[in-house]
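Working notes for the structure below.
The values are calculated or read from the model by the stated rules, or taken from the named source; none is laboratory data. Keep in mind it's a predicted model, so treat the numbers as computed, not measured. Note that we place each Cβ from the backbone using ideal geometry, even for glycine, and neighbour counts take in every protein chain shown.
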Amino acid sequence: MEKRPLIQRVDFLWSGFDKTLGLIVLGLAIISIVTFISASSGTPIELIDQLRNLLLSYSVMWLVSRVPPKWLQRSAIWIYTLGVALLLAVAAFGLIKKGARRWVNIGVVIQPSELMKIAMPLMLAWYFQKREGVLRNLDYGIAAILLVLPVALIARQPDLGTALLVLAAGLYVIILAGFPWKYIVPVVSVGGVAILLIIIFGGFICQPEVTWPFLHDYQKHRICTLLDPSTDPLGKGFHTIQSVIAIGSGGLFGKGWLQGTQAHLEFIPEKHTDFVFAVFSEEFGLIGNLVLLALFLGLIQRGLAISSNAPTLFTRLLGGSVTMIFFTYAFVNMGMVSGILPVVGVPLPFISYGGTALVTLGVGVGILMSIHRYRRLVQS
């Protein structure tokens, strides 16, 4: 058998790999490395770890881009069941780090809640695909039960940030599946009124003797510190105060790479993970932030374009939810670092240091590439 020319073999390997998404993620990875060198103060071990994690994320992205969406659809139940089983294992005998039980050792230490960010939209997209054309209100109720179970297990760890991301991933699928707006608008309105009341009466409800139902004391403290960080300037408010100072001191053009005083004088906590945006803002200023926003907007726009042109309800729901999760990641992280949202421990996509989180993000982009590739193959 005659061997194909090398260029044809290489083209086959990269066929279906969406160049637009790949370049956007590459741009974010370059920003991550540049910022991480400054945030880690040049520590070689941490830098090597981040390079390895980014390479692993890119590799997983390529592998998932080769998986047909119909295979993802067939495996949705199994992935969801595995995710819930691992969450139950965490609750029973998980590892405790920094006061939270979020990890489990299965030969390697993993954080199962990260898996649910993908398993949740997979499961709900599969469910609504099966109910296409015969959807009833009961079906939305069953979808809500499928969503609430893992969210409750994750919130119990406790890990409010990841629980909110998984909740958002599931809600995006439910809304995109056609959940009536007459039910959404009242909930959003009540939430808006509740936020307004918290702002107006924050001085009273944040008193130590006032308890908030359904929230831990530390979660209440986070929200109250958001309203007025100066009430605990050396405790919970320290993160917000120092990150806002870093962002403001960056000005228009920033202080320059490796010149950020807030980062290098150790004023910014978690500067290579949740608060890496503060380091980037201080050194690259508003211009750098606009470039970063442009990359995230490009990622979201491309994801929505792929989702809107997807050939099946399953791929449209899955692609739309995954894309909106990227938006949620970026919005929540930038919001909490800027002091407009509570600190909930959400990383900045492809920028913050991480292992499992970066792999999950790579899987998400790979799913979008797979949906795009499948549509092209169907058309051809």
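Some observations on this one:
- Selected residue (only one of Thr315, Thr328, Thr323 is in a helix (DSSP H, G or I) and touching a Pro at 6+ places or on another chain (Cβ under 6 Å)): Thr315
- Of all residues in the stretch 322-343, those that are small (Gly, Ala, Ser) have Cβ atoms under 6 Å from Cβ atoms of residues that are surrounded by fewer than 24 Cβ atoms within 10 Å (Cβ to Cβ) and not in a loop (DSSP other than H, G, I, E, B), 6 or more apart or on another chain, in Ala330/Phe296; Gly339/Val244.
- Members of the stretch 61-91 that are of a type in the set (Val, Ile, Thr) and within 19 Å of Val173 (Cβ to Cβ): Val64, Ile77, Ile79, Thr81, Val84
- Given (1) surrounded by fewer than 16 Cβ atoms within 10 Å (Cβ to Cβ); (2) modelled with pLDDT under 80; (3) closer than 22 Å to Gly335 by Cβ, number of the condition Val210 does not satisfy: (3)
- Lys117 being at positive phi and within 22 Å of the chain's Cα centre (by Cα): no
- Test for Ile241: is it in a helix (DSSP H, G or I), modelled with pLDDT of 85 or more and not assigned by TED's automatic domain parsing to the domain that holds Ala143: yes
- Picking from residues in the stretch 331-353 that are in a loop (DSSP other than H, G, I, E, B) and of a type in the set (Phe, Trp, Tyr), the one that is surrounded by the most Cβ atoms within 10 Å (Cβ to Cβ) is Phe350.
- Checking each residue in the stretch 121-173 for being farther than 14 Å from Tyr80 by Cα, more than 21 Å from the chain's Cα centre (by Cα) and without any contact (Cβ under 8 Å) to a residue 60 or more places away in the chain picks out Lys130, Arg131, Gly133, Val134, Leu135, Arg136, Asn137, Leu138, Asp139, Tyr140, Gly141, Ile142.
- Per the listing Thr356, Thr312, the residue uniquely of a type in the set (Val, Ile, Thr), touching a residue at least 40 places away in the same chain (Cβ under 8 Å), surrounded by fewer than 19 Cβ atoms within 10 Å (Cβ to Cβ) and over 21 Å from Ile154 (Cα atoms) is Thr312.
- Residue in the stretch 278-286 that is of a type in the set (A, V, I, L, M, F, W, C), in contact (Cβ under 8 Å) with a residue 12 or more places away in the chain and closer than 18 Å to Leu361 by Cα present: no
- Close contacts from the stretch 43-72, counting a first residue that is in the same structural domain as His264 (by TED's automatic domain parsing) and more than 17 Å from Phe314 (Cβ to Cβ) and a second that is among the aromatic types (Phe, Trp, Tyr) and at pLDDT 90 or above, with Cβ to Cβ under 8 Å and a gap of 6+ residues or different chains, come to Leu54/Phe350; Ser57/Phe350.
- Close Cβ contacts (under 6 Å, 6 or more residues apart or on different chains) running from residues in the stretch 83-112 that are modelled with pLDDT under 90 to residues that are of a type in the set (S, T, N, Q) and in a helix (DSSP H, G or I) comprise Gln111/Thr356.
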